[in-house]
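**Student:** Here it is, the structure, as structure tokens.
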Amino acid sequence: MIAVPPLLEVRNLHVTFPTPDGPILAVDDVSFTVEQGTTVGLVGESGSGKTTVGRALLKLTPSTATVSGEALYAGREVLSLREKEFRPLRREVQMIFQDPFNSLNPRQRVESIVAEPLEIHCREMSKSDRRARVAELLAQVGLPADAATRYPHEFSGGQRQRVGIARALAARPKFIVCDEPVSALDVSVQAQIVNLLQDLQEQLGLTYLFIAHDLAVVEHLSDQVLVLYRGKIVEAASAEAIYRAPQHEYTRRLLAAATA
């Protein structure tokens, strides 16, 4: 049997930010792989560097940051690509952002928000095809058809995040970085969004890097969990092993906080 290479392989990722007091190493020698169709949970407290990892992989870090190492997506090294070279890949790699209110343009109707990736990456689509695709996406994420004509402020936080998910799915990506997609939501809504992401993964064969500060959030979603502390991975194991027998003291503290 021929071994299938991972969809994403990260090797020795470093990210440094300049400050008036000198450079800060936000991500320190991080390496991991994400297999096709699986979810890797990246967990750590605020300031641990987890969001910086996700943004670096999608080339969304500020231009002042220094990024080094390798990230092979489908066998192709992407960190060294210029924006023009990376742009065609943006159709395949997308991000769901943490704050569903600030990540949506309040002046745009939902139809325009969700259709924006289609206008950028699928220029061959007609306007009617884009409108049909938006309707399909809204239904897929559990929103009513009339959501297309409404503005973000007319929705609850959970509904706004569903709009963000629909936008991320628009161009039919393969890999999605979920950057704390439920941390800004009420606890009662968090499980609904996590369940939606699981259902979409099964239906569409998606691969996720799921970033969270709460171990409880990634427990049932992740195949593997990486624990990040001060920019370094201090523990990496299956979700089952992490919850059954955490090895690192920091992981145990996170687990205790999640179950308190």
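The values are calculated or read from the model by the stated rules, or taken from the named source; none is laboratory data. Only a predicted model underlies this, so the values are computations on that prediction, with no experimental measurement involved. Glycine also receives a Cβ, built like all others from the backbone with ideal geometry; neighbour counts cover every protein chain displayed.
**Student:** Any residue in region 81-89 that is among the aliphatic types (A, V, I, L, M), buried (at least 17 other Cβ atoms within 10 Å of the Cβ) and in contact with a strand residue (DSSP E or B) (Cβ under 9 Å, 6 or more places away or on another chain)? Show your work before the answer.
**Tutor:** Step one: of region 81-89, the residues among the aliphatic types (A, V, I, L, M) are 81, 89.
Applying the additional criterion that residues be buried (at least 17 other Cβ atoms within 10 Å of the Cβ) yields 89.
Next, only the ones that are in contact with a strand residue (DSSP E or B) (Cβ under 9 Å, 6 or more places away or on another chain) stay: 89.
Yes - at least one qualifying residue is present in region 81-89.
**Student:** Something else about it: Among (1) surrounded by 21 or more Cβ atoms within 10 Å (Cβ to Cβ); (2) more than 15 Å from residue 176 (Cβ to Cβ); (3) at pLDDT 95 or above, there is one condition residue 215 misses while meeting the rest; what is its number?
**Tutor:** Of the numbered conditions (1) surrounded by 21 or more Cβ atoms within 10 Å (Cβ to Cβ); (2) more than 15 Å from residue 176 (Cβ to Cβ); (3) at pLDDT 95 or above, the odd one out for residue 215 is (3).
**Student:** Hey, can you tell me all the residues within region 218-252 that are touching a His at 6+ places or on another chain (Cβ under 9 Å) and surrounded by fewer than 17 Cβ atoms within 10 Å (Cβ to Cβ)?
**Tutor:** Of everything in region 218-252, just one residue is touching a His at 6+ places or on another chain (Cβ under 9 Å) and surrounded by fewer than 17 Cβ atoms within 10 Å (Cβ to Cβ), namely 234.
**Student:** Also, quick follow-up: Anything in region 167-193 that is in a helix (DSSP H, G or I), surrounded by fewer than 21 Cβ atoms within 10 Å (Cβ to Cβ) and hydrophobic (A, V, I, L, M, F, W, C)? List them, or say none.
**Tutor:** Within region 167-193, 187, 189, 191 meet the criteria.
**Student:** Within region 195-239, how many residues are farther than 20 Å from residue 6 by Cβ and assigned to a loop (DSSP other than H, G, I, E, B)?
**Tutor:** Count: 6.
**Student:** In addition: Assess whether residue 147 counts as being among the small types (Gly, Ala, Ser), out of contact with any Asp or Glu (no Cβ under 8 Å at 6 or more places or on another chain), under 25 Å from residue 209 (Cα atoms) and surrounded by 17 or more Cβ atoms within 10 Å (Cβ to Cβ). I'd like the intermediate steps shown before the answer.
**Tutor:** Values: among the small types (Gly, Ala, Ser): yes; out of contact with any Asp or Glu (no Cβ under 8 Å at 6 or more places or on another chain): yes; under 25 Å from residue 209 (Cα atoms): no; surrounded by 17 or more Cβ atoms within 10 Å (Cβ to Cβ): yes.
Spelling it out, it is not the case that residue 147 is among the small types (Gly, Ala, Ser), out of contact with any Asp or Glu (no Cβ under 8 Å at 6 or more places or on another chain), under 25 Å from residue 209 (Cα atoms) and surrounded by 17 or more Cβ atoms within 10 Å (Cβ to Cβ).
**Student:** A further question follows. Say we look at region 96-115 and pick out the residues that are among the small types (Gly, Ala, Ser) and buried (at least 17 other Cβ atoms within 10 Å of the Cβ); which of these is farthest from residue 157 (Cα to Cα)?
**Tutor:** Applying the filter and picking the extreme gives 115.
**Student:** Quick test for you: out of 147, 135, 168, pick the one residue that is closer than 22 Å to residue 183 by Cβ and at pLDDT 95 or above. Before the answer, list the steps.
**Tutor:** Values: 147 fails: closer than 22 Å to residue 183 by Cβ; 135 fails: closer than 22 Å to residue 183 by Cβ.
From the options 147, 135, 168, the qualifying one is 168.
**Student:** Check 211, 165, 176 and return the single one that is in contact (Cβ under 8 Å) with a residue 40 or more places away in the chain, in contact with a Phe, Trp or Tyr (Cβ under 9 Å, 6 or more places away or on another chain) and under 20 Å from residue 101 (Cα atoms).
**Tutor:** 176
**Student:** If you go through region 148-162 one residue at a time, do you hit one that is under 22 Å from residue 50 (Cβ atoms), assigned to a helix (DSSP H, G or I), without any contact (Cβ under 8 Å) to a residue 24 or more places away in the chain and of a type outside the set (Gly, Ala, Ser)?
**Tutor:** no
**Student:** Quickly run through region 81-106 and pick out the residues that are modelled with pLDDT of 95 or more and among the polar types (S, T, N, Q).
**Tutor:** Once the filter is applied, which keeps residues that are modelled with pLDDT of 95 or more and among the polar types (S, T, N, Q), region 81-106 yields only 94.
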